[in-house]
Structure formats: structure tokens, C-alpha cells
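Taking it in order: structure first as C-alpha cells, then the write-up.
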Amino acid sequence: TSVDVLLDGDELRLPASDGPIVVNAAGHGFFRVDYADELRDRLDADVVRSMSTLERYALIDDAWSAVTAGAMSASEYLDLAQRFDGETEYGVWQALAVGLRGVRRLLPDEGPAVDAFRSIVRDLVAPVLAQLGDPVAGESDLTAKVRGLLLAILAIQGNDAASVERARTIYAAWSADPASVDAELAAAATGVAAASGDAEMYARFVDVAENGATPQVQLRHLHLLAEFDDPDLMRRTCEYAMSAKVKSQNAPFLLRGCIGNRTQGEIAWRFVREHWSAANEKFPRNTIVRMVETVKQLDRPEQVAQSEAFFSEHPIEQATRTLEQILERQRVNARVRADNEAPLRQALLAANGLR
């Protein structure tokens, strides 16, 4: 049931009801909604399916914002996300993808808790991707986009071997004949090929970044060098960004992607600190703060302290306020990790009968 919400002082007062309540029905209001546990429990999968696209989008988007605000746990978010089974709308999946990536960052590289998370992702995504099937003539652009997004989520967050192999096959077909592959699947497959790629694939990406058929193809491959999950390749990418082979207007954004890499970001951030003077001399002034934007994702306590110490000695005078916002968000992310890392792991293990 969608109901009106009454403002009572500083609190929202809901009319009495025993059924499901959808706050901000139809998504007309410009505010965030955080449901109490009892009210959120009423929003089961059937209720979620009955909601409009905008209501579903707002529900899951607000939920991840509630996690970052400390009003909802990451495990509660993951439980809510599982109620979106059968979801096919691209906008809703964009919001889900943000939250699922955020949850993944709170987990260790490997182990039973990560395996449990990947299983949840596969159960949520695989049936919808299978339902969409292969591209067909005349389908909507949004259908094509959601298919590509789901393939990427399933392969990367779900660590689904069959999807990784499918993506590599698609990328190989695109490499041989770009016109033979659906554009959205090709884009997704390229990302998967990078995230799962080895040194041989890395060399191929560098070649396309330098010699690709169009500037768009070149830039896509250049920026995806930041997604390779290998410490040696990350160092090579950082060195490459500082070389004459990468345009000065592109290099800061490549380094930004490197710092944002979930497993190798610390390597890239160390490289940037060590080459700070050279970067400031080489790159446009307005790109320096953009280059370090993903420092906010380095959310360990020691990384927060290190960032604050570094920027106290190396201020970005042309973007003082933006840098303050980046460091503030880094502190928020560190709190999210501190609040959720252990409980999330324990919840995932408990759900699978493990400790």
C-alpha cells in the first residue's frame, strides 16, 4: 500500500497499517527514505515486483545511501537486494550494481564469505540474463544495455566462470569483426576481459589503446588498463600513464582508475605520491584533483591517516574545497568499513552454516 507520510516535528509519522508501506510513492519527493527494520521486512519480493520502476529504483538507491549514512547495515542491504529477483529495468540494475560493488569492497579477496556473496550475485543475476537471451533485431536500447550490465556483474562480482568465458569469446569476436557483435555486449565483454586478463591480454589492450580503429575504442582500452588485477601490471599501467605515449589530458584519469582498483589501488596511490611533482608539472592543473578522486575508496584507517598527512604537505590549492570533500568521503567510507566488515562476513558465513 502506498500511503501519505505526515511530518510531525522532525520525524515522519506513518498512518497505522499492518501491510507493506511504500514511502515516497511514485518517487515524487526529493528526499532519502530509510525504512525501520519492521517496515522493510514487509517489502518482500512480491511487494517489490508490484512497485513501479521509479519506486524500485528509489528503494534500492536509498538503501545503499542508508548504508553509507550508518542507518542500515551492508548485510541488510544485501538481503534487500535479493528481493529484486527477476528485475529487468536498466536504471534499477544500475543502482543495484553500485551497491553490490560496494558490498564486495567490504569483503576479503577470497574465502567462504566471498564465495557466499558471489553465490548470491549469481542467483540474482543469472536467471534474468538467461531470460533476456541473445540480442534480437528491433529490441530497445535499454534491453541491450541491461544485458551488457548483467553480463559484467555476473562475470566480475559473481565470478561466474561461464560468463567470463562468454565475455572473452565475445571480445575475441569483436576483435576480429566489431560489426559482428552487439555494441553493449562488446563493451561489457571488454571490461570483463580486462578484469580477468593476464599479461598477454594486457599487451593486447595496450596495442588497441595505441592503434585502435577509433578514438573511442582507444580510450576505452586505455582506461580499462586500470582494471587488470595484478600488481606488476598495475605498476606498468602507472608508468605508462606518465609516459609520452599517453596524452596529458588522459593520463590523470587513467591514474584515477588505477587508484580506484579494488585490490591494487594502494600500489597506484603510492606511485602517484612518489611522482607528485612530475604529475603536477605534466598534467593540466584542473585534472590534478580529479586524478586523486578515488583516494576516497582507500578506506583502511592507515590509508585515511596517510592521505590526510600527504595532502597537508601537498595541498591542491586550485581545488581546496573539492579535496576536502574527497577526504571527507574517504572518512565516511572508512566508517562504513569499520561498521560492516566483520558483521557482513559473519552474516554471510552464518547464512551458509559456517563460522
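The values are calculated or read from the model by the stated rules, or taken from the named source; none is laboratory data. The shown structure was predicted, so the numbers you read here are calculated from the model rather than taken from an experiment. Positions of Cβ are generated from backbone atoms using ideal geometry, with glycine treated the same way; all protein chains shown enter the neighbour counts. The accessibility values were calculated without ligands, DNA or RNA, using every heavy atom of the protein model including side chains. Shrake-Rupley method; radii C 1.70, N 1.55, O 1.52, S 1.80 Å.
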> Expressed as a whole percent, how much of the Cα-Cα distance distribution for the chain exceeds 38 Å?
Replying inline: 22 percent
> Quick one: how many lysine pairs in the chain have C-alpha atoms under 27 angstrom apart, if they're 8 or more apart or on different chains?
Replying inline: 4
>> Report the per residue volume, in Å³, of the convex hull enclosing the C-alpha atoms of region 146-266.
In response: 101 Å³
> How far is helix 53-69 tilted off the main Cα axis of the chain, in degrees rounded to 10, range 0 to 90?
Replying inline: 70 degrees
>> Taking 2.2 N^0.38 Å as the expected size of a compact globular protein, what ratio does the Cα radius of gyration of region 83-236 give against it, to two decimals?
In response: 1.05
> Over all directions, what mean area does the Cα convex hull of region 266-349 project, stated in square nanometres?
Replying inline: 5.9 nm²
> Under the rule of -39500 (n - 2.57) per DSSP H run of 4 or more residues, summed and divided by the residues of the chain, what mean residue ellipticity at 222 nm is obtained, to the nearest 500 deg cm²/dmol?
Replying inline: -20000 deg cm²/dmol
> If you add up the charges near Thr322, with Lys and Arg at +1 and Asp and Glu at -1, over every other residue whose beta carbon is less than 14 angstrom from its beta carbon, what do you get?
Replying inline: +2
>> Not counting ligands, DNA or RNA, and with a 1.4 Å probe, what is Asp198's accessible surface area in Å² rounded to the nearest 10?
In response: 90 Å²
> Per residue, what accessible area does region 211-285 have, given a 1.4 Å probe and all protein chains present, in Å²?
Replying inline: 48 Å²
>> Could you put Asp160, Asp34 in order of accessible surface area, largest first, with the 1.4 Å probe and the full protein assembly present?
In response: Asp34, Asp160
> Relative contact order (percent) for region 252-355, with alpha-carbon contacts under 8 angstrom and 6 or more residues of separation?
Replying inline: 27 percent
> By average Cβ neighbour count within 10 Å, what is the ranking of 331-342, 278-289, 251-262, 229-240 from highest down?
Replying inline: 251-262, 229-240, 331-342, 278-289
>> Regarding region 50-129, what's the average projected area of the Cα-atom convex hull, expressed in nm²?
In response: 5.1 nm²
> Among Tyr90, Leu107, Thr190, whose Cα lies farthest out toward the positive end of the dipole of the chain, if unit charges sit on the beta carbon of Lys, Arg (+1) and Asp, Glu (-1)?
Replying inline: Thr190
>> Let me cross-check His28: its accessible surface, 1.4 Å probe, with only protein heavy atoms counted, in Å² to the nearest 10?
In response: 140 Å²
>> Taking amide H atoms as placed 1.01 Å from N in the peptide plane, list the residues 5 or more away in sequence, or in a different chain, whose amide H sits under 5 Å from that of Thr88.
In response: none
>> Going by amide H atoms built from the backbone, whose H comes under 5 Å of the H on Val22, apart from near neighbours?
In response: Ser2, Val3
> How many percent of all Cα-Cα pairs in region 197-355 sit more than 21 Å apart?
Replying inline: 50 percent
>> Given R₀ = 22 Å, what would the calculated FRET efficiency be for Ala173 paired with Arg204, taking r from the Cβ atoms and rounding to 0.05?
In response: 0.95
> Once both axes come from the Cα atoms, what is the angle between helix 183-195 and the longest principal axis of the chain, in degrees from 0 to 90, rounded to 10?
Replying inline: 70 degrees
> Quick one: Cα centre-to-centre distance for region 202-264 and region 78-124, in angstrom?
Replying inline: 27 Å
> HN-Hα J couplings of region 134-146 from phi, Karplus 6.51/-1.76/1.60, θ = phi - 60°, integer Hz, Gly and Pro as x?
Replying inline: 7, x, 10, 4, x, 6, 6, 4, 5, 5, 4, 5, 5
> Hey, if we sort Tyr90, Tyr57 by accessible area with the 1.4 Å probe, largest down, what's the order?
Replying inline: Tyr57, Tyr90
>> Relative contact order for the chain: what percent, with Cα pairs under 8 Å and sequence separation of 6 or more?
In response: 13 percent
>> Can you compute 3J(HN,Hα) from phi for each residue in region 152-167, using the Karplus curve 6.51 cos²θ - 1.76 cosθ + 1.60 with θ = phi - 60°, rounded to whole Hz and x for Gly and Pro?
In response: 5, 4, 5, 6, 8, 6, x, 6, 7, 4, 5, 6, 4, 5, 4, 4
>> Using only the alpha carbons of region 167-237, what is the convex hull's orientation-averaged projected area in square nanometres?
In response: 4.1 nm²
>> Could you sort Thr320, Thr143 by their accessible area in this structure, using a 1.4 Å probe and putting the largest first?
In response: Thr320, Thr143
>> Treating region 27-69 as a set of equal point scatterers at the Cα positions, no solvent, please give the Debye-formula log₁₀ I(q)/I(0) at q = 0.24, 0.31 Å⁻¹.
In response: -0.91, -1.25
